[in-house]
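Asker: First the structure, then my questions, so here it is.
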Amino acid sequence: MKRWLSWWDGRVVLLALDVAVAAAVIVVTLAGGDPRDPHPALYVPAVVVSGVALLARRRWPFLVLLVAVGCMPAGVTLLPLMVAQYSVAVRHGVSVVTGLAVVVAGIAGNVVPVLRDSASFTLVVIVLGFFVLGPALAGLWMHQRAALLGVLRDRAEEAERTRTLLADQAVFAERRRIAREMHDVVAHRVTAVALQAGALSLRAPDEKTEQAAETIRATSAVALDELRGILRVLRDDAPDAGPGVLASLEELVAEVAATGARVELTLPDPLPAVPDQVGRAVYRVVQESLTNAGKHAPHAAVDVRLAVTGDRLTVEVTNRLTPHGSAVPGSGYGLVGMRERVELAGGDLRTGPTGDGRFRVHAEFRVGEGM
């Protein structure tokens, strides 16, 4: 059923219209026709065949036209011919010239011999004009109208794509502007806080003040590291896809270790090539995990491990839980953002304490041909 409806673009309305047209042509032709020699017995079958053939006019209009011309010797009227000629013009446009040649040949062989009086030429002109040129011109108009609508639709889609591209460019430019402002306004001030806290820790009058200053310095360093990650996202300067993303984890760990944290990184050898989205997700998981470990377990060692097993890439970051975490408040959005990024990359994220007094972040991604 669906295959047959494909002739009518899957629309039952068009099928019903063609059935109605075919039935009307058969009824009108039988009611107004006058079977004539030498083949009166073929008249009714020819009328039925030419009418039923109109059901295929959307799929094979030229074939239907040939059927209509072929039925003319049996006395069939020009009504099926008009519908077929219109269908050829609608479907093929300027190719209707071929259909016109077929129709003119058919009329010349079947109608002209009947016209013997002095009005024959005038009558032939009227017949050709009304029954041939009229449907052809109407079909050509419909064909050109459909072509024009298609061009306008393509232009509208192109304009929409251009508008989307311009909007994306505007968003990109705004992101870079925000990144510059954040760097100028925030990064410089946080850097100043870190430097002043470091100077205070060196000149502190007592141990308590020195510890507080060191905490401020370490927290400022972590804040700067987080800010750099935000700026990379805003500027779209995140590491490239492939092994380069995973190799950049060494730089990330080195930056965190420079603040006094104890971080051990284990990477597979060789580093696997991963899609861009997976690489960014891995980088984000490690970055956010190190940030959370620095906040909530500032003096605990952190173990970062990447491993490849078959078509699976696993990322695991663990640190020992401390009796009293840092007083630095957290928004709670870090784990949420991590989970969203991992899921967008087609991975799975599990976080929480383990049975041996450690906190673990475990992410798993599909890599290789199985993606």
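The values are calculated or read from the model by the stated rules, or taken from the named source; none is laboratory data. If you're wondering where the values come from, they're calculated on a predicted model, not measured in any experiment. Positions of Cβ are generated from backbone atoms using ideal geometry, with glycine treated the same way; all protein chains shown enter the neighbour counts. We work out accessible area using only protein heavy atoms, side chains counted, and drop any ligands, DNA or RNA first. Shrake-Rupley method; radii C 1.70, N 1.55, O 1.52, S 1.80 Å.
Asker: Let me check something: with ligands and nucleic acids excluded, how do 200, 14 order by accessible area (1.4 Å probe), largest to smallest? The partial results should precede the final answer.
Answerer: Numbers: 200 80, 14 25 Å².
From most accessible down to least: 200, 14.
Asker: Tell me the accessible surface of residue 171 in square angstrom (1.4 angstrom probe, heavy atoms of protein chains only), to the nearest ten.
Answerer: Near enough 80 Å² of accessible area.
Asker: For segment 126-177, just say rounded, prolate or oblate: build the C-alpha gyration tensor, square-root its eigenvalues into a ≥ b ≥ c, call rounded for a/c under 1.5, and beyond that prolate if a/b exceeds b/c, oblate if not.
Answerer: Numbers: a/c = 13.50, a/b = 12.04, b/c = 1.12.
Since a/c reaches 1.5 and a/b is larger than b/c, the shape of segment 126-177 is classed as prolate.
Asker: In addition: Rank these by accessible area, largest first, 1.4 Å probe: 52, 317. Present the calculation step by step, with values, prior to reporting the outcome.
Answerer: Values: 52 75, 317 5 Å².
Largest accessible area first, the list is 52, 317.
Asker: Which ³J(HN,Hα) values in Hz, rounded to whole numbers, follow from the phi angles of segment 339-350 under the Karplus curve 6.51 cos²θ - 1.76 cosθ + 1.60, where θ = phi - 60° and Gly and Pro get x?
Answerer: Going residue by residue, I get 4, 4, 5, 5, 5, 5, 8, x, x, 10, 10, 10 Hz, with x marking Gly and Pro.
Asker: Further, regarding this structure: Determine, for each peptide in 84-92, 21-29, 308-316, 262-270, the mean count of other beta carbons within 10 angstrom over its residues, then list the peptides with the highest first.
Answerer: 84-92, 21-29, 308-316, 262-270
Asker: Please give the solvent-accessible surface of residue 172 in Å², to the nearest 10, using a probe radius of 1.4 Å with every protein chain present.
Answerer: Approximately 80 Å² of residue 172 is accessible to the 1.4 Å probe.
Asker: So, one more: Under a 5 Å amide H to amide H cut-off, with H placed in plane at 1.01 Å, what residues pair with residue 360 once short-range neighbours are removed?
Answerer: Counting only residues 5 or more places away or on other chains, the set is 352, 354.
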